[in-house]
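The values are calculated or read from the model by the stated rules, or taken from the named source; none is laboratory data. These numbers were taken from a predicted model, which means no experiment stands behind them. For neighbour counting, all protein chains shown are included, and Cβ atoms are generated from backbone atoms with ideal geometry for every residue, glycine included. The area values use the complete protein model at the heavy-atom level, side chains included, leaving out ligands, DNA and RNA. Shrake-Rupley method; radii C 1.70, N 1.55, O 1.52, S 1.80 Å.
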Amino acid sequence: MWQAMLVMHGAMNLSLFPPPSTVKLSPSRQNLPHSPLDGRRLVARLDGGDLRGAITRLELASRDGSHPDVLTFSLLLKSCIRSRAFALGRRVHRALARSGLEPDSVILNSLISLYSKSNDWAEAERVFGDMGDKRDLVSWSSMISCYANNHMEFEAVDTFVHMLEDGFFPNDYCFAAVARACSVPESASIGDTVFGFIIKSGYLDSDVCVGCALIDMFAKGSADLVSARKVFEKMPERNVVAWTLMMTRCTQLGSPKKAVDLFLDMLVSGPVPDRFTLTAVLSACSELELLSLGVQLHSWVIRSGLASDVCVGCSLVDMYVKSVDGGSLHDSRKVFDRMQDHNVMSWTAIITGYARAEENEEAIKLFWEMTKGPVRPNHFTFAGVLKACGNICDVDMGIQIYALAIKLGFACDTCVGNSLVSMYSRSGHMEDAQRAFDALFEKNLVSYNTLVDAYGKSLESDEAFELLHEIEERGIGTSAFTFASLLSGVASVGAIGKGEQIHARMVKSGLDSNQCISNALISMYSRCGNIEAAFRVFSETREKNVITWTSMITGFAKHGFGTRALDTFHQMLDAGVRPNEITYVAVLSSCSHVGLISDGWKHFRSMYPEHGIVPRTEHYACMVDLLGRSGSLVEALQFINSMPFWADTLVWRTFLGACRVHGNVELAKQAAAMIFEQEPDDPATYILLSNIYASAGLWEDAAAIRKKMKLKNLTKEAGCSWIEVKNTVHKFYVGDASHPKAQKIYEELDRLASRIKKLGYVPNTQFVLHDVEEGQKEQYLLQHSEKIAVVFGLISTSSPKSIRVFKNLRICGDCHSAIKYISMATGRPIVVRDANRFHHFMDGTCSCNDYW
């Protein structure tokens with residue numbers, strides 16, 4: 001109906017209406033005679049800046065039966081509106097009602113404006129309704145603006161249509177107001193009609209305010225940045241407000257680079273940036289992590305004298321925080337500490353920044369410091385500090401902080417509730433996370449995504465799928481993040497069947513072309529052992545970002561396809577995509593997995609000169625792994641000692657693993673000592689050192705390590721293997737007899753053992769780390785979890801389907817040898833993913849070429 005009405009009015013002969021420059025906004029004001037009793041005195045008080053005193057004098061006079069004239073009342077109301085003293089304005093209105101004077105349209109319009117700006121739309125509506133034939137164009141425009149400002153878009157557009165029916169032609173203020181009413185998705189289609197009306201009226205070519213309102217209408221109403229930009233380009237006059245608005249909307253709609261380009265264009269065009277402009281472009285730098293430009297802008301801020309501005313300060317804190325990979329958290333803190341005044345945004349930015357950088361204790365310390373001052377935390381502040389608690393699994397601290405949130409009135413806030421669910425789940429307290437989820441006053445998609453992601457990461461994919469069904473039943477609507485979380489969950493357990501089901505549902509939902517989803521699919525297929533399916537998704541992805549390329553390179557690296565990984569890396573560079581730190585971890589890992597030592601050195605040495613990436617601990621660990629796997633243990637140790645920073649436990653654990661592969665007991669002792677110096681109670685190091693001693697036949701040393709573990713009450717992670725069959729994950733431990741098909745599994749295992757021995761398999765009892773008889777050692781080897789899982793796969797699936805087994809620890813050398821023979825005996829392709837990489841077994845060979 002509205003569209004038809006607007007089209008009809010837009011099609012009217014516009015020559016019947018005066019052009020924008022000659023439209024009269026209100027009837028001529030008459031200078032009413034001043035009341036000799038009060039009027040001049042009140043005006044004098046106003047001129048002296050004593051608004052409150054003037055209104056007090058007005059009320060005292062009205063009780064004595066005297067009152068000023070209508071013009072004085074009008075002046076008082078306008079002063080209240082200008083100074084945003086809305087409570088005083090209401091007092092003026094009450095005095096006007098007691099005076100018995102007949103208000104003119106000027107006063108009534110001021111009253112509509114007063115109540116509109118104080119968010120009392122009902123009172124504004126009452127004044128407007130009582131005006132009758134005193135309504136003029138200003139009255140209609142004010143009422144439309146009131147509805148638009150109070151999120152009553154339906155009423156705003158309806159009033160606009162009624163105004164047209166009453167014969168009024170909109171002015172710039174009116175068009176800007178109705179365009180604001182169309183700045184929500186629900187009114188986007190009506191906005192197109194309003195836009196056509198404005199084009200015909202000529203106001204787009206003559207008024208900046210109308211142009212800005214249209215930019216917002218397209219950007220906020222329909223997320224149409226292209227149309228918003230066209231409006232901006234068509235505006236004959238673009239002031240600093242228009243430039244700043246366009247930059248802000250670009251960043252909000254995911255195009256921060258365009259915002260930066262606009263800023264540079266603005267500098268050439270002439271308008272001088274103000275504090276809001278600098279805030280907008282700093283926000284764009286934050287999203288792009290563009291530290292270099294951000295530092296230059298910071299210099300500009302100081303030179304412009306805006307360093308003390310709280311909004312600019314908040315943007316600088318946020319910019320440095322989000323560029324923390326460049327070592328800028330310290331700079332963020334310096335900006336924060338130098339700010340004269342803090343608001344909730346600056347506190348939240350710095351707290352969230354420390355949590356993001358995983359300096360969690362400092363984030364929590366800052367939060368408690370904030371609570372001692374005048375600024376109250378908001379729901380985003382609580383979300384940031386609860387994340388810090390989750391990062392360090394400090395549930396007790398999280399509970400204390402949530403108690404404060406309840407005290408401050410955030411008990412029913414969904415954002416805070418979601419953060420509590422996340423805190424519990426990140427700390428491994430899934431039952432508490434579920435209870436916190438169930439207690440949420442209102443569950444939104446973020447609530448479900450938080451728990452879906454938590455269940456996925458905790459390897460409880462069945463619960464995650466149940467939540468997906470609940471989301472769909474409630475009609476909340478799934479998002480790309482929901483499916484990405486589910487894909488992450490199935491990838492963690494290697495449940496490729498469920499992953500394929502999710503992929504099919506995403507194709508149905510039209511989400512398969514989403515870049516985030518494509519990246520998640522590549523990772524899922526790769527981590528589930530189907531690298532070719534991952535490559536198909538990669539090839540079909542039209543827009544590839546750094547995550548897309550890195551996911552594929554990581555996949556090839558984990559599967560031992562080093563050459564394909566490096567070829568993909570070079571294609572990425574040719575496509576103009578800049579690698580990041582994670583990309584180089586994948587590249588160096590691919591070199592390590594296949595022994596490409598010279599390539600590894602070349603890429604390691606090119607990181608900073610070619611891409612400005614400073615090698616971090618992870619990159620040094622990859623190089624230690626590369627040298628260690630190849631047997632160059634002395635060179636690896638020299639490399640560690642030459643590092644520009646202290647080698648942490650990751651580097652030394654990598655070196656210790658290489659010592660185990662090559663049986664170097666002395667260097668293993670040295671590596672373990674360095675680990676114990678930093679983490680004296682690390683059970684994995686004790687276990688690895690004990691196994692090195694046992695492999696070397698040093699049983700007394702191995703027993704001493706085990707005894708020390710017992711005294712420290714340290715326990716090892718139990719080795720287990722699992723396999724998905726018919727959408728169900730079956731998990732096995734060493735010597736496991738709990739499975740319903742255990743008897744069949746062991747019968748088939750005995751038959752297979754006999755077959756593969758005839759093919760040349762010889763049990764390698766060196767991998768039995770117990771001082772027992774040789775025959776017993778062979779029996780131990782036969783009961784390893786990966787052998788049990790492979791055999792279960794053989795008896796539960798039909799040829800030629802691949803068998804995909806997953807193990808939480810490194811595959812044992814004897815199992816690796818046995819599975820090669822099993823693939824030869826059965827003709828079945830077998831894929832095993834251990835803690836480090838994938839092994840593809842076929843016809844008696846493995847993709848790792850025994851280099852692992």
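If I filter the range 696-718 for residues that are within 19 Å of residue 782 (Cβ to Cβ) and either out of contact with any Asp or Glu (no Cβ under 6 Å at 6 or more places or on another chain) or in a loop (DSSP other than H, G, I, E, B) (or both), do I get at least one hit?
Yes, because at least one residue in the range 696-718 is within 19 Å of residue 782 (Cβ to Cβ) and either out of contact with any Asp or Glu (no Cβ under 6 Å at 6 or more places or on another chain) or in a loop (DSSP other than H, G, I, E, B) (or both).
Between 259, 280, which is within 26 Å of residue 177 (Cβ to Cβ), open to solvent by less than 50 Å² (accessible area, probe 1.4 Å), of a type in the set (Gly, Ala, Ser) and assigned to a helix (DSSP H, G or I)?
280
Considering only residues of the range 698-733 that are touching a Pro at 6+ places or on another chain (Cβ under 8 Å) and surrounded by 13 or more Cβ atoms within 10 Å (Cβ to Cβ), which is modelled with the lowest pLDDT?
For the range 698-733, the residue satisfying everything is 716.
Give me the pairs, please: first residue somewhere in the range 255-273 and of a type in the set (S, T, N, Q), second residue anywhere and surrounded by 18 or more Cβ atoms within 10 Å (Cβ to Cβ), beta-carbon distance under 7 Å, and either six or more positions apart or on two chains.
From the range 255-273, the pairs are 255/225.
Restricting to the range 93-119, and then to whatever is closer than 23 Å to residue 150 by Cα and among the aliphatic types (A, V, I, L, M), can you tell me which residue is nearest to the chain's Cα centre (by Cα)?
114
Considering only the range 359-405, state which residues are over 19 Å from residue 349 (Cβ atoms) and over 25 Å from the mean Cα position of the chain (by Cα).
Once the filter is applied, which keeps residues that are over 19 Å from residue 349 (Cβ atoms) and over 25 Å from the mean Cα position of the chain (by Cα), the range 359-405 yields 396, 400, 403, 404.
Could you tell me whether the range 820-830 includes any residue that is open to solvent by less than 10 Å² (accessible area, probe 1.4 Å), in a helix (DSSP H, G or I) and closer than 19 Å to residue 754 by Cα?
Checking the range 820-830: at least one residue is open to solvent by less than 10 Å² (accessible area, probe 1.4 Å), in a helix (DSSP H, G or I) and closer than 19 Å to residue 754 by Cα.
Hey, residue 301 hits all of (1) within 21 Å of residue 346 (Cα to Cα); (2) more than 27 Å from the chain's Cα centre (by Cα); (3) surrounded by fewer than 16 Cβ atoms within 10 Å (Cβ to Cβ); (4) of a type in the set (A, V, I, L, M, F, W, C) but one; which does it fall short on?
(3)
What about residue 811, is it open to solvent by less than 30 Å² (accessible area, probe 1.4 Å) and either modelled with pLDDT under 85 or under 50 Å from the mean Cα position of the chain (by Cα) (or both)?
It is true that residue 811 is open to solvent by less than 30 Å² (accessible area, probe 1.4 Å) and either modelled with pLDDT under 85 or under 50 Å from the mean Cα position of the chain (by Cα) (or both).
Enumerate the helices (runs of 4 or more DSSP H) found wholly within the range 147-254, keeping only those where 1 or more residues are aromatic (Phe, Trp, Tyr) and within 27 Å of residue 128 (Cβ to Cβ).
Result: 153-165, 172-181, 188-201.
Going through 157, 106 one at a time, which residue ends up being touching a residue at least 60 places away in the same chain (Cβ under 8 Å) and under 21 Å from residue 231 (Cβ atoms)?
Within the list 157, 106, the selection yields 157.
Mind listing whichever residues of the range 442-470 are in contact with a Ser or Thr (Cβ under 6 Å, 6 or more places away or on another chain), modelled with pLDDT under 75 and open to solvent by less than 20 Å² (accessible area, probe 1.4 Å)?
Result: 456, single match.
Restricting the first residue to the range 230-244 and requiring it to be at negative phi and surrounded by fewer than 16 Cβ atoms within 10 Å (Cβ to Cβ), which pairs with a second residue that is in a loop (DSSP other than H, G, I, E, B) and among the acidic types (Asp, Glu) meet a Cβ separation below 6 Å and a spacing of at least six or different chains?
Final answer for the pair search is 236/205; 240/274.
Look through the range 435-447, keep the residues that are more than 15 Å from the chain's Cα centre (by Cα) and in contact (Cβ under 8 Å) with a residue 24 or more places away in the chain, and return whichever of them is farthest from residue 467 (Cα to Cα).
Applying the filter and picking the extreme gives 441.
Could you list all residues from the range 134-164 that are within 24 Å of residue 184 (Cβ to Cβ) and charged (D, E, K, R)?
Hits for the range 134-164 are 153, 155, 158.
Restricting to the range 412-441, name every residue that is farther than 14 Å from residue 381 by Cα, open to solvent by less than 50 Å² (accessible area, probe 1.4 Å) and in a loop (DSSP other than H, G, I, E, B).
427, 440
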